[in-house]
Every structure is written in C-alpha cells, then in structure tokens.
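J.: Let me begin by handing over the structure; questions about it come next.
No value in this document is a laboratory result; all are computed from the given coordinates. Only a predicted model underlies this, so the values are computations on that prediction, with no experimental measurement involved. No Cβ is skipped: glycine too gets one built from the backbone with ideal geometry, and neighbour counts run over all protein chains shown.
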Amino acid sequence: MRLLWLFLGLAVLFLIPFFLWGDALEATFSHAGITAWLGAYGRWAWAAALALLVGDLLLPIPASVVMTALGLLYGPVAGGLISAAGSFLAGSVAYGLCRGLGRGAARRLLGEADLARGERLFERVGGWLVVASRWLPVLPEVIACLAGLTRMPAGRFHLALACGAVPVGFTFAALGYAGADRPVLALVLSALVPPLLWLVVRPFIWDHSPEG
C-alpha cells in the first residue's frame, strides 16, 4: 500500500508546479516559445535544451515540444541525438538521486514489506515500466525514481531507458524537422517502437546486465 501511495505522491509532486503556474508555463513552453528561447542561445542551444529536458524533473516542461524544437533547429539526426541524450540524462539523474538515498531511506519510506514488493515488481517488469513510461507525461520521472528507490539493477535500468529514450527522441525530432503537426502519429510511433526495441534487446541482456 505504501508503494502505491508513494507512486501517487510523486505524481502529485511533479504536477504541483503545473497547478501553481500552469498558464505562465504553457505560454513559456509553447512550441514557438521554446523554439525562440533555444534559438536565442545560438550555438549553445543544444545545452539549453538538455537543461530543459533534465529540468522536467522539477517543472512540467513538455519534453515532446523541446524535442520537436530540436528537430527544427538541428534536423532529424542531430536533433534526435540531442533529444535522446536529454531524455536519457533526465531518467539517469532521477534514478541516481533516488538510488543514492540508500536502502535504509527506502525502507523508512515504504516499509519492509512494500519495499520487498517493489523490488520484486521491478525485478519482473521494471524494464517494461521504464520503456513504456518514456512516452507518457509525468510517469517517466515517477518510474525512474521508483526504479532507483527499489534498486533496480543499474545496467538493466539504463538499457531499458535507452530503449525508450532513443526512439522517442528521434520520433519527435523528425516531426519537428518536417514541420508536421501530427500528434497522433507521434503518439503511435513513440508508444510502439520502445517496447518493440526492448523486446528484441531484453533476452540478450537479462542475465548479463550488471547489478550495479
């Protein structure tokens, strides 16, 4: 039960800035707003974009909009690489911060029984949760935090994270480059490609990924 409450609590925590500053954030982080903001950084626009994607841990920054802006500014290949790197970095930071709390803190937050349940859950389906969460709002941060808290093996987490982050990053960058406003296509591609990639990769790494 504590695991469920922690999941909901993290989701609410990540949504609080939206409820407090939703209108201002929506205006600032619109597609035109982000594109102009990144463009103002010139050759350092990629670094500003990485900061925005990692900043999504604290603010409800629409990562998909940042990625489409990167596609517009850098093209589908370079924009896709930067987008994928930003998504991967954001997940790694969330995982690392929560894992760094240690098992003692996790036990105090969840209790011994729920911590054991969480560890079993992420042992069985953690990879699928990490992969699938990358194309949804709020969930990427929540799942990455829970993966760290339950000490999901670092190698397995980062491989699953890459399987989710890379297709999503390239999909939205390609849409931004094409100037296409096709959210349904983006949703379908970014939802289907990561699980398929994980399905292919998982058998090769399950028994060999470092426990971390």
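J.: Gain in length, residue 113 to residue 58, computed as 0.36 nm per residue apart minus the alpha-carbon separation, to one decimal in nm?
T.: Details: separation 55, 0.36 × 55 = 19.80 nm, distance 2.93 nm.
Answer, rounded to one decimal: 16.9 nm.
J.: Using Cβ contacts closer than 10 Å as the measure, can you line up 135, 37 from fewest to most? Present the calculation step by step, with values, prior to reporting the outcome.
T.: Values: 135 26, 37 17.
Ascending Cβ contact count within 10 Å gives the list 37, 135.
J.: Follow-up question, since we're still on this one. Starting from 0.36 nm per residue, how many nanometres of slack lie between residue 40 and residue 93 once their C-alpha separation is accounted for?
T.: Extra length from residue 40 to residue 93 when fully extended: 16.4 nm.
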